[in-house]
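Below is one structure; the comments refer to it alone.
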Number of protein chains: 2
Amino acid sequence: MKPAEINQAWNGAEKCKLCSIRHLVLFADLNEDDFQHLHHPIKEFEFKTGSTLYKRNDTIDYVYTVRSGLVKLVHYLPNGSYRITRLLRQGDLAGIEALNGSAYLQHAIAMRETSVCKIPVKNIQQLNNESAQLYKQLTVRWHKVQSEADIWLTHLTMGSSKHRVAHLLIYLAGDKANDEFFLPSREDIGALLAITTETASRIIAEFKREGLLKNQKNFASIDRLKLNSIL
Amino acid sequence: MKPAEINQAWNGAEKCKLCSIRHLVLFADLNEDDFQHLHHPIKEFEFKTGSTLYKRNDTIDYVYTVRSGLVKLVHYLPNGSYRITRLLRQGDLAGIEALNGSAYLQHAIAMRETSVCKIPVKNIQQLNNESAQLYKQLTVRWHKVQSEADIWLTHLTMGSSKHRVAHLLIYLAGDKANDEFFLPSREDIGALLAITTETASRIIAEFKREGLLKNQKNFASIDRLKLNSIL
DNA sequence: AAAACTAATTGATAATTATCAATTTACAAA
DNA sequence: TTTGTAAATTGATAATTATCAATTAGTTTT
């Protein structure tokens with residue numbers, strides 16, 4: 001499945017400067033001059049549900065900024081199953097490890113329609129050499145990776161299955177008050193929490209029966225108070 | 001419990017240049033000139049088993065390089081239990097999040113006698129401004145944090161308890177062929193793998209009975225082949 | 001060395017979760 | 001709409017793990 005390439009290459013600077021979510025992304029702190037160093041074209045892509053941004057060990061020339069949608073980082077296991085080690089949302093960077101010249105660590109797959117900017121690593125290196133602004137943002141990103149991994153380990157891999165699912169739902173719902181969020185398939189929930197698909201399904205179904213969770217297709221909303229009360 | 005301060009402050013550059021494990025640490029790539037920028041004293045400390053390097057939310061002015069020993073990063077949970085989210089060994093950096101001016105994410109506690117260098121964050125910032133060498137090492141460290149978190153999530157939090165313990169032992173044994181390694185308490189093994197102390201104990205005892213693991217007090221060695229065969 | 005304490009082990013049982021299988025629901029293609 | 005296919009749900013049972021309790025081994029203090 002090939003992603004749609006929304007735009008042709010453009011003169012790097014122009015579009016990035018106007019980006020509506022720039023405050024959220026890697027280039028947040030760049031100033032007018034910095035954009036001069038973007039010599040390699042940055043392109044925007046749409047990925048359909050289930051399509052692959054990159055595979056483990058792919059050539060590692062790009063970093064991806066998620067503009068919208070949801071991306072899972074996946075490890076495939078020898079026995080054919082898989083484990084999701086992280087989710088990426090708006091403003092998150094995928095493939096950040098490419099900056100060290102090491103291969104991508106996981107497969108990155110869109111869980112729903114997802115829009116990304118594909119940034120050549122060379123741009124980043126160039127910016128790093130010419131300007132100190134980017135370095136700061138980069139360490140902020142690394143830091144976020146670390147603290148998220150930590151949250152994951154602390155809350156999403158321990159306790160009963162019910163606790164884990166509750167934590168995941170709260171995580172997925174994010175900060176926004178009553179908004180709907182994307183509810184992953186039961187298989188993905190299992191892969192996220194290290195439980196079986198069936199167990200994930202049972203718990204989600206139970207939550208729905210008890211009114212902790214409502215959904216229309218893949219979109220859901222939670223009753224935060226009730227969910228928190230079972231933690 | 002106060003750590004022993006082995007050395008008084010010294011002229012930063014001199015001792016670091018001669019450090020026997022410099023090839024493993026943050027300053028690996030620095031050249032003669034770079035050391036001029038270490039204006040703040042770097043001190044070496046010894047921590048006894050169970051003593052605390054830093055606590056979550058402590059003032060965040062230092063980064064720690066582990067010279068020898070073993071450090072656990074711990075999250076204490078509301079119910080009084082705890083979860084270990086990472087282990088740090090020789091060459092690893094503790095408190096790397098201090099570089100972003102954010103608070104430490106966890107408590108760092110020595111699991112055995114541990115020797116560390118305490119590096120003022122100001123040194124790092126200064127080096128970053130004056131030289132590009134350090135940036136590279138830093139991203140390598142961040143990257144290592146990420147990939148270790150990943151390994152943790154993929155192997156140490158899924159599968160049966162027996163699988164997890166086996167994976168942990170192999171991780172602890174590291175690369176060195178037949179060397180002994182520090183075997184954590186059963187409670188710590190539980191906190192590392194999200195299983196109970198009793199389950200950890202049962203499995204360790206079983207491994208010992210079956211000859212997969214030998215130990216003298218806290219030091220153990222494994223039969224790699226046999227352990228791998230149960231994965 | 002004896003006493004006191006802590007960590008490790010083991011046993012019995014209850015609770016949880018995985019497994020295997022069947023059924024129902026949702027979705028997409030014809 | 002009908003048909004085919006995949007996903008979600010549910011049931012029954014087996015396996016695993018937690019829990020509670022007791023015992024043994026190991027360490028430290030007196």
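Only the coordinates and a few stated rules stand behind these numbers; no lab work does. Note that this is a predicted model, so its numbers are computed, not measured. Virtual Cβ from ideal backbone geometry, glycine too; neighbours counted across all protein chains shown.
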Semi-axis lengths, Å, segment B:3-133, gyration tensor of Cα atoms, sqrt of 5 times eigenvalues: 26, 16, 12
Helix-only mean residue ellipticity at 222 nm, chain A, DSSP H runs n ≥ 4 weighted -39,500 (n - 2.57), per residue, nearest 500. What is it? -10000 deg cm²/dmol
Relative contact order for chain B using alpha-carbon pairs under 8 Å, separation at least 6, rounded to a whole percent? 18 percent
Of A:LEU134, A:LEU87, A:LEU77, which has the largest mean-square fluctuation in a 10 Å C-alpha GNM of chain A? A:LEU77
With θ taken as phi - 60° and the coefficients 6.51, -1.76 and 1.60, list the Karplus ³J(HN,Hα) couplings across segment B:212-222 in order, rounded to whole Hz; mark glycine and proline as x. 7, 9, 10, 8, 10, 6, 8, 10, 9, 9, 10
Using amide H atoms built 1.01 Å from N in the peptide plane, name the residues 5+ places from A:LYS43, or on other chains, whose amide H lies under 5 Å from its own. A:LYS118
In whole percents, the bins of 5 Å from zero upward hold the Cα-Cα pairs of segment B:93-140 as 4, 17, 25, 25, 16, 9, 3, 1
With Cα springs under 10 Å, the Gaussian network model of chain A assigns the largest mean-square fluctuation among A:GLN90, A:GLN106, A:GLN216 to A:GLN216
Can you list the residues, at least 5 places off or on another chain, whose amide H is less than 5 Å from the amide H of B:ARG86, using H built in the peptide plane? B:LEU73
Rounded, prolate or oblate, given the Cα gyration tensor of segment B:114-231, with a/c below 1.5 counting as rounded? prolate
Name the long-range amide H neighbours of A:PHE219: under 5 Å, sequence gap of 5 or more, or other chain; modelled H, no Pro or chain starts. A:LEU183
Measuring nothing but label to label, 7 Å from Cα along Cα→Cβ, what are A:GLY80's distances to the other copies in nm, shortest first? 4.6
Whole-Hz ³J(HN,Hα) for each residue in segment A:175-192, computed from phi via Karplus 6.51 cos²θ - 1.76 cosθ + 1.60 with θ = phi - 60°, x for glycine and proline: what do you get? 7, 4, 3, 10, 5, 7, 9, 6, 9, x, 5, 4, 5, 5, 4, x, 5, 6
Rounded to whole angstroms and listed largest first, the alpha-carbon spread of chain B along its three principal axes comes to 56, 40, 32
Going by a ≥ b ≥ c, the root eigenvalues of the Cα gyration tensor, does the protein assembly as shown fall in the rounded group (a/c under 1.5), the prolate group (a/b larger than b/c) or the oblate group? oblate
